[in-house]
Amino acid sequence: MSKKLQITDDLEALLNTLPEEVVAAIRETEDTDNLLEVILDLGRVPTARFVDGEVILSETDVTRAQIDHVVQQLGDIDADNRAGLERTLHRISAIRNRRQEIVGLTCRVGRAVYGTSDIIEDIINAGKSILLLGRPGVGKTTMLREAARILADNKRVVIVDTSNEIGGDGDVPHPAVGRARRMQVATPSLQHEVMIEAVENHNPEVIVIDEIGRQQEAEAARTIGERGVQLVGTAHGNTLDNLMLNPTLSDLIGGIESVTLSDEEARRRGTQKTVLERRSPPTFDVLIEIQHRDRFSIHLDIAAAVDSLLRGFPLPAEIRTRDADGQIKVEKAAASPNPGVRRGGDSLGTRGALRLSAVPETSTRPRAESSKSIQTTRIYPYGVARNRLLQAVKNLRVPVIIVRTPSEADALVTLRTYYRKRQKTVMDAERQGMPVYVLRANTTEQIQRFLSDLFSLEDSQSNGMDDVTQQTQNAIAAVLSGERWVDLPASPPTVRRLQHEMARSAELVSHSYGKEPRRHVRIFRE
């Protein structure tokens, strides 16, 4: 059952500060419910911004007298060039010239929208720290104000109100924040100090912060979170990707750092030796991207979302929308992590090998059309572990003979390192027209993918393996999202090996349980 939104905007208080001719033009639009801002720039026509676009209010340019009239109604303008109207949520921001004279005003309509947070009310009441992202004007502060009002019914809530946008101007907070207490900030540069003061002096259970934008504020938020206080705040940025690329604010989601892996670990992961990883636990638990006033993209576990994004197969976010009737719909997209596709990957792709020379028509490379009578292929491994190649041949049951010299071979397989160094053996094979295949890593999985490509096994096995891969990917996503473990259906040894490899690629643990033919794989966290 949806809740009906109740909107309080005190619009008349804002209109009373504006020039009469501008107010008359706004009233003529007959759309004041959707008014967002009024723009007054010296020497330009006054403009009103609505939800659906802009409207020119007059053909006459704004004069100095009109700007001075508005400033006189406001009184003092703070150090951040913002002012408000007492007991309202409206905000007037000033633009100054080089002599510090005001030459422009942005008069934003502040509205208290009761009921707008019903779309995420379950997350707010869960006690988790929440970070809101979204472009300017999308409704971040309105959502923050509603969250403070809801939480204040049962918890001790303190709002750190830098520009009086949450609680309104004046000494008495706006009724829209409910029972929440409000601490004002003298200048924006002191916001981090007021955040710490709120925790130390007023014993809050919840701290509400608007516009975290500086390194000191990010550090203060981490300090507050580590003291067990629930945080609800907003930050600059539209998506999780934006936040990860922001060196100042990335600490809010755990911070990103470059680490160098050992040779063995790099081979196990199938990545380069230098990778990006999350540095520490995130300050916030949940990230909400406000895409539109009625559409939210929600990452319920920031740690898992960041880790998956760094590995190159991001977890799908939960999408919540509110339709025209006020009904809320939740869409949980199917997980589709692909351990083979990684951020910053090279051109070698995911098949395990790249063929670097043409196969002549007389080549003995097997064809898919004659799968029942596949010709035996002689392979010379240069730098590739013979024992792993033998194991892969055994697993796939393909007709391969591993020869000791290149002269006996039909094809040569090597590693990327050897090929880049232009080793003589590899170059001689290319000059003779022998097919050369290059592996990304010296692992059984990569070798099996090379053999599958060589013998076109995926043409005949793709349907079944696609189902297995999808099941395994869904299980990995479920565990990364918080499930303790997931049991996969019983499968043969070759399928179980693939499932274990996928779990390791996602840095999860997997074990096989049961007896053949009902032996199955369980995936879980350490």
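Throughout, read-outs are computed from the coordinates displayed, never taken from laboratory work. Computed from a predicted structure; not experimentally measured. Don't worry about glycine lacking a Cβ; one is built from the backbone with ideal geometry, like all the others, and counts go over all protein chains shown.
Dimensions of region 196-301 along principal axes (Cα, Å, largest first)?
52, 36, 22
Grab the Cα-Cα distance for Q375 and R397, subtract it from 0.36 nm times how many residues apart they are, and report the gain in nm with one decimal.
Once the chain is fully extended between Q375 and R397, it gains 6.6 nm.
Rounded to the nearest 500, what is the chain's calculated 222 nm mean residue ellipticity when only DSSP H runs of at least 4 contribute -39500 (n - 2.57) each, over all residues? Could you put the intermediate results ahead of the total?
Working: 16 runs with 162 residues, N = 526.
Theoretical 222 nm ellipticity from helices: -9000 deg cm²/dmol.
Against the empirical 2.2 N^0.38 Å scaling, what ratio does the C-alpha Rg of region 104-160 come to? Please list the in-between numbers first.
On the way: Rg = 12.7 Å, N = 57, 2.2 N^0.38 = 10.2 Å.
My calculation over the Cα atoms of region 104-160 gives 1.24.
Please order S258, S510, S250 by the number of other Cβ within 10 Å, starting at the fewest.
Ranked by crowding around the Cβ, least crowded first: S258, S250, S510.
Less than 14 Å Cβ to Cβ from L85, Lys/Arg counted +1 and Asp/Glu -1: what total charge do the surrounding residues give?
Details: positive: R82, R87, R91, R108, R111; negative: D9, D10, E12, D76, D78, E86, E165, D169, D171.
Local net charge: -4.
Suppose we keep just the DSSP beta bridges with both residues in the chain; what percent of those would be antiparallel, to 5?
Details: 55 of 88 bridges.
Antiparallel bridges: around 60 percent, rounded to the nearest 5.
What is the fewest-to-most order of H192, H292 by other Cβ atoms lying within 10 Å of their Cβ?
By the 10 Å Cβ count, ascending, the order reads H292, H192.
With a Förster radius of 22 Å, plug the Cβ-Cβ distance of E59 and R27 into 1/(1 + (r/R0)^6) and report the FRET value to the nearest 0.05.
Working: r = 17 Å, r/R0 = 0.79.
For E59 and R27, the calculated efficiency is 0.80.
Find how many whole Å separate the alpha carbon centroid of region 110-160 from the alpha carbon centroid of region 1-75.
The distance from the Cα centre of region 1-75 to that of region 110-160 comes to 26 Å.
Please report the Cα spread of region 459-524 along all three principal axes, rounded to whole Å, starting with the longest.
35, 27, 15
Please list the equivalent ellipsoid semi-axes of region 61-220, computed as the square roots of five times the alpha-carbon gyration tensor eigenvalues, in descending order and whole angstrom.
30, 18, 14
Of I224, I256, I288, how do they rank once you tally other Cβ atoms within 10 Å and put the fewest first?
Fewest-to-most ranking of I224, I256, I288: I256, I224, I288.
Take every Cα-Cα distance within the chain, group them into 20 Å bins from 0 onward, and report for each bin the whole-number percent of pairs it holds.
All Cα pairs considered, the percentages come to 19, 38, 25, 16, 2.
Once you have the Kirkwood Rh of region 6-108 from its Cα pairs, apply Stokes-Einstein at 25 °C and 0.890 mPa s and quote D in µm²/s. Can you show the working numbers first?
Values: Rh = 13.9 Å.
The diffusion coefficient I find is 176 µm²/s.
Check the chain and count each lysine pair with an alpha-carbon distance under 19 angstrom, considering only pairs eight or more places apart or from different chains. The partial results should precede the final answer.
Details: K3/K329; K4/K329; K128/K140; K128/K155; K273/K421; K372/K394.
Close lysine pairs found across the chain: 6.
Could you tell me the ratio Rg/Rh of region 53-120? Both radii from Cα atoms, Rh via Kirkwood.
Here the Rg-to-Rh quotient is 1.07.
For region 117-332, what is the largest minus smallest coordinate of the Cα atoms on each principal axis, given in angstrom and ordered from greatest to least?
62, 44, 28
May I ask you to derive the FRET efficiency for Q470 and N242 from their Cβ-Cβ distance with R0 = 35 Å, giving the value to the nearest 0.05?
Step by step, r from the Cβ atoms, then E = 0.70.
Can you list the GluC sites (Glu not before Pro) in region 7-36 that are in a DSSP coil and have 14 or fewer other beta carbons within 10 angstrom?
Qualifying residues, ordered by number: E30.
In percent, what relative contact order does region 1-95 have, based on Cα pairs under 8 Å that are 6 or more apart in sequence?
Result for region 1-95 is 23 percent.
Can you give the FRET efficiency for N201 and Q73, using 1/(1 + (r/R0)^6), R0 = 51 Å, r = Cβ-Cβ distance, to the nearest 0.05?
Numbers: r = 35 Å, r/R0 = 0.68.
Calculated transfer efficiency: 0.90.
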